[in-house]
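What follows is a set of notes on a single structure, which appears directly below.
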Amino acid sequence: MPIPVRAIDPPPYPSPSPTPTPPPSVTFYGHGYGHGVGMSQYGAKGRALAGQTAPQILAHYYAGTTLGTLSTATSIRVLVLSGLRPTAASPARFYGRNGPWTIDGVSPIFPADALLRLVPPVAPATAWHLWVRAADGRLLLNTSTTTGFRLRPASSATGLQVWSKPTIYDQYRGAIRVRLTSTGILSAVNETSLELYLRGVVPAEMPYTWPTEALRAQAIASRSYAARRLHPATGTYDVTDGSSSQVYRGVLGERSATTAAVTATAGRVLRSGTAIANALYHSDGGTATENNENVWTSATGAIVSAPTSYLRGSADRNAAGVAFDAGAPRASWRTAAYTLGQLTTIFAADPRTAVGGLASLDLSRRGVSGRLISVTLKGSLGSKTVSGEIFRSVFNANSPTADPAMWSTLFDVAPIP
């Protein structure tokens, strides 16, 4: 498969020379897992094991930033449940656990393990029906509401359980704001402090068994990432509890080692000038990180984002040339071998990459880490250029499900040093 070499930013390894005729099969060889911008978590682990402190780790991945402070009383709103359509047969359910709890505007204090049920209105009614029953079945409240409400813990031991959330991680510190619509849709937002939120984030984003300095680096990066997204005067939530923001598992996800890391770094954030840094991070950089503008491109790989001064790609190796993330499970990976016919089928399944019978791939346009900014597919019906990420996602979506995936856009058709 001819691979023209016209690199704009020379990758940190030699590209394979063009071959005069297509080979009988192609295997993609790669490094790393994730987008490659900001902190490599496995790189942070390797640096911590090598004796680096959290400030040293962060200084490498967010060059030019400084450590600043933020009030430890800062609040955050986390969307923990959305789009729920309860029914009379399957009402929405909430519990107060381990202590008493209240509903704003309602006088009773409800005991631990009391259950709140909500049933949506049936047209032409617009009010939701709400009941609270004690654990022994006693009816404690029978009312209706149209505007939603807040549940609050009445003691420091109380956690609020969003039982209708389809995961075991459904208990939270702080208040739960329940939002209702007249069309029968319910959402729930956990309103808590940023510091308590981080207790449920850090162990979800980094294994709690990792070195202390890596956990502290993660706590500061996660605090900065979240603080950057706060907008208390607008909208109904600041972040989600999933990977579109940061994974947040609430009380049941907390671990003592990561809580200690959050406490030890309380209020510390990364700043670029006076602004809080957008502390992006990923699992495994695969020997190097990448410039932000080379990753978040247009669908065709055009540069559309302005460079961010502290999100610059760089090598992630020690003085001996060994990658700090060498111990990561996807530090190096490879796909199965494919014929041109098989690749034609894979890429013909998506109109963005369908070029008829595939003849060649141009894998020359790379960023400073070697990640592909764009890939040009050439075939019997012409050529198309897509971003490296679209190429990767199309390959993963349409290759046989039992085959190994492409884990990043740092790949080539020969092993990468």
Counting only DSSP beta bridges with both partners in the chain, the antiparallel fraction in percent, to the nearest 5, comes to 95 percent
Magnitude of the Cβ-charge dipole (Lys and Arg +1, Asp and Glu -1) of the chain about the Cα centre, nearest 20 debye, reported as 600 debye
What one gets for region 206-255 as the Kirkwood radius, inverse of mean 1/r over different Cα pairs in Å, is 12.3 Å
Given Cβ charges of +1 for Lys and Arg and -1 for Asp and Glu, the option among P91, G174, V122 whose Cα lies farthest towards the positive end of the dipole of region 86-184 is G174
Under Stokes-Einstein, region 325-417 at 20 °C and 1.002 mPa s, with its Kirkwood radius over C-alpha pairs, diffuses with a coefficient in µm²/s of 156 µm²/s
Of the residues S107, G148, T308, the Cα lying farthest along the dipole of the chain towards its positive end, which is defined by charges on the beta carbon of Lys, Arg, Asp and Glu, belongs to S107
Expected max-MSF residue from A257, A214, A349 in the GNM of the chain (alpha carbon, under 10 Å) is A349
At the level of C-alpha centres, the distance separating region 117-140 and region 177-217, in angstrom, is 28 Å
Least to most buried among I176, I416, I109, by other C-beta atoms within 10 Å and fewest first, runs I109, I416, I176
Honestly the chain on the Cα gyration tensor test (a ≥ b ≥ c root eigenvalues; a/c under 1.5 rounded, otherwise a/b vs b/c for prolate or oblate) is just prolate
Of T265, T240, T87, the most mobile residue in a GNM of the chain (C-alpha springs, cutoff 10 Å) is T87
For region 86-184, Rg(Cα) over 2.2 N^0.38 Å is 1.03
Candidate cut points under trypsin sites (Lys or Arg not before Pro) in region 111-207, DSSP loop plus at most 15 other Cβ atoms within 10 Å of their own Cβ, are R138
At the level of C-alpha centres, the distance separating region 41-88 and region 360-417, in angstrom, is 30 Å
With only helices counted (DSSP H, runs n ≥ 4, each -39500 (n - 2.57)), the per-residue ellipticity at 222 nm for the chain, to the nearest 500, works out to -5500 deg cm²/dmol
Computed about the Cα centre, the charge dipole of region 86-184 from +1 Lys/Arg and -1 Asp/Glu charges at the Cβ has a magnitude in debye, to the nearest 20, of 140 debye
The aspartates and glutamates whose Cα lies under 14 Å from the Cα of K384, excluding any fewer than 8 residues away in the same chain, are D350, D362
Once the dipole of the chain is set up from charges on Cβ (+1 Lys and Arg, -1 Asp and Glu), the residue from the list T263, L160, V355 lying farthest towards its positive end is L160
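Each value in this text was obtained by applying a stated rule to the coordinates, not by laboratory testing. Keep in mind the model is a prediction, meaning the values are calculated, not measured. Reconstructed Cβ throughout: ideal geometry from the backbone, glycine too, with neighbour counts over all protein chains shown.
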